[in-house]
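Each reported figure results from applying straightforward, stated rules to the coordinates on display, with no laboratory input. Just so you know, these numbers come straight off a predicted model, no measurement behind them. Here the Cβ is made from the backbone with ideal geometry for all residues, glycine too, and neighbour counts use every protein chain on show.
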Amino acid sequence: MKLVSYKTEDREHLGVFISGHIYNLNSCDKQIPNDMNEFLKDSEVLMERALAIDAKIKSGEIEPKEEAFYEVVAPVPHPSSCRDGYAFRQHVAAARRNRKVDMIPEFDQYPIFYFTNHNAIQGPGEIECMPDHFHKLDFELEVAVVIGKKGRNIKAAEADAYIAGYMIMNDMSARTLQMEEMLLNLGPAKGKDFSTVIGPWLVTPDELEEYKTAPKAGHAGNSYNLEMTCTVNGKQVSAGNTADMDWTFAEIIERCAYGVDILPGDVIGSGTVGTGCFLELNGTGLLNDPNYKPQWLQDGDVVEMEITGLGRLSNTIRKVDTDFSILALKK
């Protein structure tokens with residue numbers, strides 16, 4: 001099932017996406033709330049009702065009215081929190097190699113994550129960026145999960161049961177801001193908190209069963225063979241696979257939930273897939289060729305990410321018309 005959040009006349013709704021059409025769930029079953037956040041709060045019960053509606057529409061048992069005029073927004077428009085992990089060893093190793101530092105052994109000992117701005121979540125469409133963001137503006141190709149029930153001190157062996165669904169994530173990054181603040185060993189913050197893009201819909205785990213594969217040796221939890229790509233202005237710049245995650249979402253959730261509640265509506269990203277951002281690609285390019293010309297996102301660029309089973313997430317980058325700069329405020 002593909003759950004989608006969308007707007008009609010500035011009101012948010014919850015629907016299912018089936019064969020290119022959106023159907024409102026609340027109109028089919030009044031016990032299902034008309035927004036994603038309320039749905040996730042009681043998803044252990046409501047998910048079964050939604051799956052039943054989805055199956056009846058697909059079989060033709062019911063023929064609900066489809067939405068005709070709408071704007072698709074982030075599947076979880078107002079997440080309770082947003083964490084981002086560091087699960088792909090290939091990306092971490094390449095980024096460190098490009099900085100001429102050794103691979104850090106702690107990567108293989110425990111999964112890590114940071115909190116980003118859950119109030120800056122966006123979905124498909126235009127992404128407005130400030131002038132300072134365009135100082136090395138970057139995409140990051142990732143996959144994310146949404147938590148469907150409350151839990152604490154969850155073991156990895158049980159953690160997949162807490163996942164309501166999967167979606168594409170683009171962890172937008174302003175590298176100049178990020179690098180200057182991390183000189184002080186704190187962050188990322190301003191380099192990351194202006195936009196995190198998720199979408200285009202939330203895919204429930206049952207739809208990914210056919211793609212299941214074994215996790216890396218010594219790891220626990222579900223793993224999926226899903227191809228990941230990113231294009232900028234129609235040109236492919238990145239390719240990877242969710243099966244390359246060294247740390248599974250189950251293991252990341254185990255660490256997230258240690259001594260603290262995870263809540264319905266929490267979003268957790270995987271971290272960047274290998275080759276999944278210009279920072280890594282530019283570093284590798286310069287390492288191999290001193291004349292390599294680095295690339296960063298520009299005003300008007302179209303960024304499209306696609307993951308097998310999860311759809312395509314498309315965004316257009318727009319520059320805000322202002323001369324306000326925090327980089328210019330440095331003492």
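Contour minus end-to-end for Ala220 and Ala189, with contour as 0.36 nm per residue of separation and end-to-end as the Cα-Cα distance?
Extra length from Ala220 to Ala189 when fully extended: 8.1 nm.
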At a Förster distance of 30 Å, what's the computed FRET efficiency of Asp35 paired with Arg99, Cβ-Cβ distance as r, to 0.05? 0.10
Any residue on another chain or 5+ positions along whose placed amide H is under 5 Å from the amide H of Ser223 is listed here as Thr213
Starting from the amide H of Ile121, placed 1.01 Å from N in the peptide plane, find each other amide H under 5 Å away whose residue is 5 or more places distant or on another chain. Thr196
Hypothetical label at Lys319: residues of the stretch 272-303 whose amide nitrogen lies under 11 Å (7 Å Cα-Cβ projection): 298-301
Karplus ³J(HN,Hα) for the stretch 221-233 (6.51 cos²θ - 1.76 cosθ + 1.60, θ = phi - 60°; Hz, whole; x = Gly/Pro) runs x, 6, 9, 10, 8, 10, 5, 10, 9, 9, 10, 10, 6
Please work out how much length the chain gains when fully extended from Gln236 to His21, using 0.36 nm per residue of separation minus the C-alpha to C-alpha distance, in nm with one decimal. 74.6 nm
Neighbour-count order for Phe39, Phe115, fewest beta carbons within 10 angstrom listed first: Phe115, Phe39
Given a cut-off of 20 Å, name the pairs among Lys2/Lys65; Lys190/Lys330; Lys100/Lys190; Lys30/Lys65 whose C-alpha atoms lie farther apart than that in the structure shown. Lys100/Lys190
Debye intensity ratio I(q)/I(0), log10, the stretch 2-72, q values 0.28 Å⁻¹ (C-alpha model): -1.42
Along the dipole axis of the chain (charges at Cβ: +1 for Lys and Arg, -1 for Asp and Glu; origin at the Cα centre), the most positive-end residue among Met1, Phe278, Gln31 is Phe278
Non-local residues with an amide H under 5 Å from the amide H of Gly191, with H modelled 1.01 Å from N and Pro and chain starts lacking one, are Gln178
Backbone HN-Hα couplings from phi across the stretch 3-9 [Karplus 6.51/-1.76/1.60, Hz, Gly and Pro as x]: 8, 10, 9, 8, 10, 10, 6
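Tell me the Kirkwood hydrodynamic radius of the chain in angstroms, computed as one over the mean inverse distance between distinct C-alpha pairs. Before the final figure, lay out each step's value.
On the way: mean 1/r = 0.0488 Å⁻¹.
Evaluated on the chain, it is 20.5 Å.
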Explain nothing, just compute: Karplus ³J(HN,Hα) = 6.51 cos²θ - 1.76 cosθ + 1.60, θ = phi - 60°, for every residue of the stretch 311-328 in order, whole Hz, x for Gly and Pro. x, 10, 10, 10, 9, 10, 7, 10, 9, 5, 7, 7, 9, 5, 9, 7, 5, 6
Order of Asp289, Asp193 - criterion: other Cβ atoms within 10 Å of each residue's Cβ, fewest first: Asp289, Asp193
So, relative contact order of the stretch 2-72 in percent, Cα under 8 Å, 6 or more apart, is 33
I'd like to know which of Ile22, Met182, Val92 lies farthest towards the positive end of the charge dipole of the chain, counting +1 on Cβ of Lys and Arg and -1 on Cβ of Asp and Glu. Met182
